[in-house]
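The values are calculated or read from the model by the stated rules, or taken from the named source; none is laboratory data. Model, not experiment: these values are computed from the prediction. Don't worry about glycine lacking a Cβ; one is built from the backbone with ideal geometry, like all the others, and counts go over all protein chains shown. Heads up: the accessible areas ignore ligands, DNA and RNA and are worked out on the full protein's heavy atoms, side chains in. Shrake-Rupley method; radii C 1.70, N 1.55, O 1.52, S 1.80 Å.
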Amino acid sequence: MTALLPHLLARIAQDGPLTVADYMADCLLHPDHGYYATRDPFGADGDFTTAPEISQMFGEVLGLCLAQTWQDQGALTSFTLAELGPGRGTLMADILRATARVPGFHTAARVHLVEASDTLKRVQRETLSANDVTWCDTVADLPNAPLFLVANEFFDALPIRQFIRAGDGWRERLVGAEGNALSFGTSAAMPVDALSDRLGDTAEGDLVETCAPALAIMSDVADRIHRFGGAALIIDYGDWKSLGDTLQAVKGHAYDPVLAHPGEADLTAHVDFEALAGAAAPLSTSRMTPQGVLLERLGITARAQQLAKILTGDALENHIAAHRRLTHPEEMGTLFKAIAVHPDGTPTPPGFDP
Ligand code: SAH
């Protein structure tokens with residue numbers, strides 16, 4: 001039994017079955033037993049690896065993309081350089097190293113990290129010990145200033161709800177208990193306002209996911225960019241429209257049944273980029289671009305060749321494998337997608353299509 005399970009069972013006994021979002025939120029961020037709240041899950045010894053942990057090249061090319069976007073908007077003399085859900089802080093460290101020689105960029109940038117986990121804040125503090133960094137618990141705490149922001153594998157960690165089409169309404173998928181084990185069930189059919197636009201493109205029995213926290217965060221970020229200027233680059237796995245059950249658990253680099261180890265496995269769901277783009281209105285949203293295409297356009301292969309010159313043996317093999325892993329269609333290249341949002345009338349960030 002995991003340390004979180006008794007808490008979940010007690011909650012279900014008292015209040016009835018949980019929504020998938022309640023389950024996900026407790027599993028990931030419960031203050032005592034949540035997955036992110038209690039550990040550093042990244043890397044070979046952890047449960048999964050993310051793009052910035054695979055190679056420094058990921059953050060380097062994204063950093064230069066942000067710096068070019070900042071220059072394209074007139075090189076504002078003071079702005080917030082922010083990341084949502086920075087994990088170990090590796091992506092921001094690579095962004096800062098790659099942009100160190102962009103004239104004026106570091107002088108103008110105020111680095112802010114939005115992170116909910118105290119454990120990961122400590123890891124980030126170590127990774128970025130050479131930099132002046134401010135931490136925020138939520139996007140609402142960011143300064144009122146131009147905002148250049150990146151979020152990699154952040155939105156997939158936010159709690160989703162799942163709804164199954166039933167006639168003109170929806171049955172919500174719920175987490176209940178059978179004895180001391182968790183089990184899935186469904187609510188009675190009901191109307192769901194947030195899904196009224198999905199009645200036209202779904203059939204009886206289809207499952208659709210919603211992520212209200214993602215839309216609230218995107219809308220807050222967009223509002224700041226609309227008022228003060230800036231851009232946001234969002235990279236995640238997902239697709240243009242949510243359809244089907246994408247909730248998954250990963251533990252020790254392998255898939256795990258989603259109810260098996262609450263609080264001890266990473267839980268994620270695919271990002272609905274169409275919904276994020278909708279929440280970013282009135283900003284312009286780029287077309288959704290596969291990660292591999294974006295990184296190629298931002299020059300990752302030239303950077304890989306440059307780095308390869310100073311590597312030999314295993315280090316060179318690992319470097320070549322990392323480039324492939326980030327870009328190849330059979331690896332992360334097409335599974336992961338990216339969008340950029342920016343004020344109407346400003347140039348589309350490099351690497352993206354309008
Ligand atoms: N971007 C990193 C880590 C992705 S994991 C990388 O690419 O390696 C998700 C990150 O989001 C973790 O740092 C986690 O603690 C953080 N996180 C999850 N939910 C959050 C929330 N509601 N608010 C702020 N940070 C959150």
Which three numbers, in whole Å and largest first, are the semi-axes of the equivalent ellipsoid of segment 68-141 derived from its Cα gyration tensor as √(5λ)?
22, 14, 9
Computing the accessible area with a 1.4 Å probe over protein heavy atoms, can you report the carbon and sulfur percentage for the chain?
52
Accessible area per residue for the chain in Å², computed with a 1.4 Å probe and the full protein assembly in place, what is it?
43
Other residues with Cβ under 12 Å from the Cβ of Leu8 give, with Lys and Arg +1 and Asp and Glu -1, a net charge of -2
Using a basic spin-label model with each label point 7 Å from the Cα along Cα→Cβ, how many nm lie between Ala140 and Asp15?
1.8
Given the chain, what percent of its DSSP beta bridges are antiparallel, to the nearest 5?
60
Just how many % of Cα pairs in the chain lie over 34 Å apart, if you round to the nearest whole percent?
27
Dividing the convex hull volume of the alpha carbon atoms of segment 106-162 by its residue count, what do you get in Å³ per residue?
113
Send over the per residue convex hull volume for segment 221-304, Cα only, as a whole number of Å³.
154
Remind me, what semi-axes does segment 189-228 give for its equivalent ellipsoid, largest first in whole Å, using sqrt of 5 times each Cα gyration tensor eigenvalue?
29, 10, 9
Within a Cβ distance under 12 Å of Ala321, other residues only, what is the Lys/Arg minus Asp/Glu net charge?
-1
More than 19 Å apart: what percent of Cα pairs in segment 133-235 qualify?
58
Under the definition of Cα pairs under 8 Å and six or more residues apart, what whole-number percent is the relative contact order of segment 35-168?
29
For segment 292-337, max minus min Cα coordinate along each principal axis, in Å, sorted largest first?
31, 19, 9
Shape box of segment 1-76 [Cα atoms, principal axes, largest first, Å]:
57, 31, 18
Nearby lysines by direct alpha-carbon distance to Lys309 (threshold 30 angstrom, same-chain neighbours under 8 apart not counted):
Lys337
Pop a pseudo-label 7 angstrom from the Cα along the beta-carbon direction at both Asp314 and Ala189 and give the gap in nm to one decimal.
6.0
Ratio to report: Rg/Rh of segment 250-354, with Cα atoms as the point set and Rh obtained by the Kirkwood method; give two decimals.
1.08
Solvent-free Debye scattering, log10 I(q)/I(0), computed from the Cα coordinates of segment 1-137 at q = 0.08, 0.14, 0.15, 0.21 Å⁻¹
-0.29, -0.73, -0.79, -1.21
Taking amide H atoms as placed 1.01 Å from N in the peptide plane, list the residues 5 or more away in sequence, or in a different chain, whose amide H sits under 5 Å from that of Trp135.
Leu113
At 0.36 nm per residue, minus the direct Cα-Cα distance, what do Thr107 and Arg125 gain on full extension? Give it in nm, one decimal, please.
4.5 nm
Counting Lys +1, Arg +1, Asp -1, Glu -1, what net charge surrounds Met24 among other residues with beta carbon under 12 Å of its beta carbon?
-3
Taking N as the number of residues in segment 68-194, what is its alpha-carbon radius of gyration divided by 2.2 N^0.38 Å?
1.50
